[in-house]
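Read the structure below first, then the notes.
The values are calculated or read from the model by the stated rules, or taken from the named source; none is laboratory data. Treat the numbers as computed from the prediction; the structure is a model and nothing was measured. Cβ sites come from the backbone with ideal geometry, for glycine too, and all protein chains shown count toward neighbours. These accessible areas exclude ligands, DNA and RNA; they are computed on the full protein's heavy atoms, side chains included. Shrake-Rupley method; radii C 1.70, N 1.55, O 1.52, S 1.80 Å.
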Amino acid sequence: MAAVRYFLIPLLLLLTLSTLPFAMSLSENEALLKVRSSFTNAEALSSWDLKSSPCKDRWVGVLCTDGIITSLHLTDLGLSGNIDIEALGEIHGLRTISFVNNSFTGPIPEFNKLHALKALYLTKNKFSGSIPKDYFSQLLSLKKLWLSGNKFSGTIPESLSQLEHLLELHLEGNDFSGPIPPLKLESVTSFDLSNNQLVGPIPESLSKFSATSFADNDRLCGKPLNKDCNNPDETPKASGSGSVTVLLGIVIFIVVVGGLLAMCRSATNRKEHHDFSVLNKENEDDMVEVHVQSVNRRAESSKKGGDSKRGGSKRGGSVKSGMGDIIMVNDEKGTFGLPDLMKAAAEVLGNGGLGSAYKAVLSSGLSVVVKRMREMNKLARDGFDAEMRKFGTLRHNNILTPLAYYYRKEEKLLVSEYIPKGSLLYVMHGDRGTTHAELTWPTRLKIIQGIVRGLEFLHNEYASCDLPHGNLKSSNVLLSDDYEPLLNDFAFDTLINPSNAAQAMFAYKSPDYIQYQQVSPKSDVYCLGIIILEILTGKFPSQYLSNNKGGTDVVHWVSIAISEGRETEVIDPEIASNTDSLNQMLQLLQIGAACTESNPDQRLNMREAIRRIEEVPVS
Ligand SMILES: *[C@@H]1O[C@H](CO)[C@@H](O)[C@H](O)[C@H]1NC(C)=O
């Protein structure tokens, strides 16, 4: 495999980091998706997709400078819910944030954790409550601050005085009350406090601004308003100021961990410059070598003596350290515990639609892939455990049976055997070198037939599910050394949060969902058809990309070719020379086309697809 660089970090570090409200080892793409998933109403951002590049593919609302994400411009989108500040903090070049004209509610989010922010626009939302007095003392680069048209209350935070670079300050149209603090706003040129409940004299330091900046605050007085404060109608009095919360503990923790993270981050950033929009490298290794050891000791001492027989009876494992233990669901490859995983050096494999994947080599010599799944909270622990144990019982030549899982409320780990050859996607498109040449026609036919057998098995095992597989695509088909396909990441529909399913699973990219908002076992047939066409044409299907930029629309291309009688032209030239087998190829091309029929009613069902594929003679 074309492993370029390696990134070795003890798995413990990865796990430890994930005890933070969310993990800090996110790529910026992942971070953006994480931000999106914190919104409750993010249909407008449905085009954001991990397999494309925010800058190159111009994700809606993401602005870049020289390939670096510098600005989020999420205006007029009807967004509501929360704003995941931690995830925003993962986008290191971010300087401007605009959420103008959305429907966010509640107190001001902790944007002040984003210390490098230069512009913050929250105009026209429904934010409310008071802003902590020292909120702005951590935002010293801020140049533009627009909070107008919300329901902020309490006093105007004094820490605004510390913003030496501030040029624009707009607080109009809120419920700010009390006296105006003696703000020093020397560089501010655009300033508006109108339409609030402010009282008392306008400080001398603000008297250079005009009356309109203070209008509609009935009880303000002073020079700009031509209202004499010594002769007021009412006595101005401060109303209670907002309480101040200092999240010092969190800040210190972030600073301490930050040093370690810096190393990971720089590696992660480099990785992002790989072309994710063309190739989702879910099952391969790249990365930079980094050793981080300091965290290892604690784990070993706290978790020493993991006995060799675990899982089975031990729900939740030993919870001494507060982390719980992994649960073995399949001990065919031996048993191991969290301490074994923690001691193993981990390589970052990449990020898929469901989370990140790491490779870990256990001291027993077994290599495993650990997938960190966020957005898998559909089932509570018991239900999740039952599904995992069912996974562990699956035995089929074309199924990769998971080995173990680890449950935590906010994320799950799924451990499976590492398959060195990697995914079909990788072998087909990742490296147009020697591996690709091995994909002769008999090998490709073997892969298609193996996939179909695996699918048939899943459609029997999960016969009552809408999506027995749900995520069939070439990156989820691993290849054994002799090119036997192994299906992976299946039957997740019962596990994934419904709000994330459409983004995380390929079956939701089928016309069934896009046109009819429905998925069914026939959606798996569509995914099968895409793989068949991918294998026959050798093209990277644009269907794997959310923005339809790049790749080949294999469905359209093949159907045109069939209608014009030019089928042989779409067959991958690398196999088309094998003229003895051309009939098999054309037969499969027809099946692939019938599987990708956009109307589910006219599409083959799984049973017919399987029968027709099994009928293709193996020469
Ligand atoms: C605010 O956003 C909504 C869509 O959420 C849009 O219809 C409306 O025109 C926007 N208002 C302004 C003033 O831009």
- Message: Condition first: within 16 Å of the ligand (Cβ to nearest atom) and assigned to a loop (DSSP other than H, G, I, E, B). Now tell me which residues in the stretch 89-113 satisfy that.
- Response: 99, 100, 101, 102, 103, 104
- Query: Do we have any residue at all in the stretch 514-523 that's buried (at least 18 other Cβ atoms within 10 Å of the Cβ) and among the aromatic types (Phe, Trp, Tyr)?
  - Reply: no
- Report, ordered by the first and then the second residue, all pairs with beta carbons closer than 6 Å, sequence separation of six or more or different chains, a first member in the stretch 73-101 that is among the charged types (D, E, K, R), and a second member that is within 16 Å of the ligand (Cβ to nearest atom). 76/101
- Task: Determine whether the stretch 132-155 contains at least one residue that is in a loop (DSSP other than H, G, I, E, B), in contact with an Asp or Glu (Cβ under 7 Å, 6 or more places away or on another chain) and within 16 Å of the ligand (Cβ to nearest atom).
- Result: yes
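Residue by residue, here is whether (1) under 35 Å from the mean Cα position of the chain (by Cα); (2) at pLDDT 85 or above holds:
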{"position": "206", "(1), (2)": "no, yes"}
{"position": "210", "(1), (2)": "no, yes"}
{"position": "231", "(1), (2)": "no, no"}
{"position": "241", "(1), (2)": "no, no"}
{"position": "254", "(1), (2)": "yes, no"}
- Could you please find all residues in the stretch 67-88 being more than 16 Å from the ligand (Cβ to nearest atom) and in contact with a helix residue (DSSP H, G or I) (Cβ under 7 Å, 6 or more places away or on another chain)? 69, 82, 83, 84, 85, 87, 88
- Task: Return yes or no: is residue 33 more than 12 Å from the chain's Cα centre (by Cα) and of a type outside the set (Ser, Thr, Tyr)?
- Result: no
- If you check residue 496 against the conditions, is it open to solvent by less than 10 Å² (accessible area, probe 1.4 Å) and more than 21 Å from residue 596 (Cβ to Cβ)? yes
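Right, residue 590: surrounded by fewer than 17 Cβ atoms within 10 Å (Cβ to Cβ), touching a helix residue (DSSP H, G or I) at 6+ places or on another chain (Cβ under 8 Å) and modelled with pLDDT of 95 or more or not?
Considered against the rule, which asks whether it is surrounded by fewer than 17 Cβ atoms within 10 Å (Cβ to Cβ), touching a helix residue (DSSP H, G or I) at 6+ places or on another chain (Cβ under 8 Å) and modelled with pLDDT of 95 or more, residue 590 comes out as yes.
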- Residue ID - farthest from residue 180 (Cα to Cα), chosen from residues in the stretch 119-131 that are surrounded by 20 or more Cβ atoms within 10 Å (Cβ to Cβ), away from the ligand (no atom under 16 Å from the Cβ) and not β-branched (Val, Ile, Thr): 120
- Note on the structure: Just one listed residue, out of 538, 529, is closer than 22 Å to residue 396 by Cα and small (Gly, Ala, Ser), and it is 529
- Quick one: which of 356, 363, 367 is hydroxyl-bearing (Ser, Thr, Tyr) and within 18 Å of the chain's Cα centre (by Cα)? 356
- So is residue 491 outside the structural domain of residue 41 (by TED's automatic domain parsing) and crowded, with 20+ Cβ neighbours inside 10 Å or not? yes
- Note on the structure: Expected single match for away from the ligand (no atom under 16 Å from the Cβ) and either open to solvent by 20 Å² or more (accessible area, probe 1.4 Å) or of a type outside the set (A, V, I, L, M, F, W, C) (or both) among 116, 44 is 116
- Of the listed residues (177, 159, 148), the one being in contact (Cβ under 8 Å) with a residue 60 or more places away in the chain, open to solvent by less than 30 Å² (accessible area, probe 1.4 Å) and polar (S, T, N, Q) is 177
- Of the conditions (1) open to solvent by less than 60 Å² (accessible area, probe 1.4 Å); (2) more than 22 Å from residue 499 (Cβ to Cβ); (3) within 16 Å of the ligand (Cβ to nearest atom), residue 53 clears all except one; give me its number. (3)
